[in-house]
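Chemist: Have a look at this one before I ask anything.
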Amino acid sequence: MSDELSVPVRSEADLVTARQRGREIASALHFSSSEQTLIATAISEVTRNILSYAGSGELKLSLVQQGRKMGVSITARDNGPGIADLFSAMQDGYSTSGSLGLGLPGSKRLMDEFGIVSEVGKGTTVTMTKWKL
């Protein structure tokens, strides 16, 4: 398996592919079944945001190492409208599309590291990592 895998995000089918690839990488690192589910769920949330708000984007899945720790890193990037109010977007229940508003804050809770950069009119990049402890 390569150390990095890119999944173009243009349709619901790509969301399924991204989840599967995330599970494969997590499995290769011997994450438990429940940890694999958490990773796949976080991937679903950020991929669904790409589809809902930007229409298309890209997901990169990488094996990462920090000292003796191994993990999986996910970068979700789009060139959509960006998030005008990032603080609010990171609060449970905030949604501009009528959804439950759990995607970004939920993903943050599921992963060990989480970062988001967004610029109005230029797009959003979410980076998250789950470490195998």
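Chemist: Would you work out the charge dipole size for segment 4-132 about its Cα centre, treating the Cβ of every Lys and Arg as +1 and the Cβ of every Asp and Glu as -1, and quote it to the nearest 20 debye?
Modeler: 340 debye
Chemist: More than 22 angstrom separation, counting every C-alpha pair in segment 1-130; what % is that?
Modeler: Taking all Cα-Cα pairs of segment 1-130, the fraction more than 22 Å apart is 30 percent.
Chemist: Another one. Counting only trypsin sites (Lys or Arg not before Pro) that sit in a DSSP loop (anything but H, G, I, E, B) with at most 14 other Cβ atoms within 10 Å, what is the longest stretch of the chain containing none of them?
Modeler: 11-67
Chemist: What number, in percent, do you get for the relative contact order of the chain if the mean sequence gap of Cα pairs under 8 Å and at least 6 apart is divided by its residue count?
Modeler: 25 percent
Chemist: Further question on the same structure: When Phe31, Phe114, Phe87 are ordered from fewest to most other Cβ atoms inside 10 Å of their Cβ, what list results?
Modeler: Final ranking by Cβ density, sparse to dense: Phe87, Phe114, Phe31.
Chemist: Taking only pairs that are 8 or more places apart or on different chains, how many Lys pairs in the chain have Cα atoms under 22 angstrom apart?
Modeler: 10
Chemist: In whole angstrom, note down how far apart the Cα centers of segment 66-81 and segment 1-45 are.
Modeler: 11 Å
Where a number appears in this text, it was derived from the coordinates with a stated rule and is not lab data. Everything numeric here is computed off the predicted structure, so don't read it as measured data. FYI the Cβ positions are ideal-geometry reconstructions off the backbone, even for glycines, and counts take in every protein chain you see.
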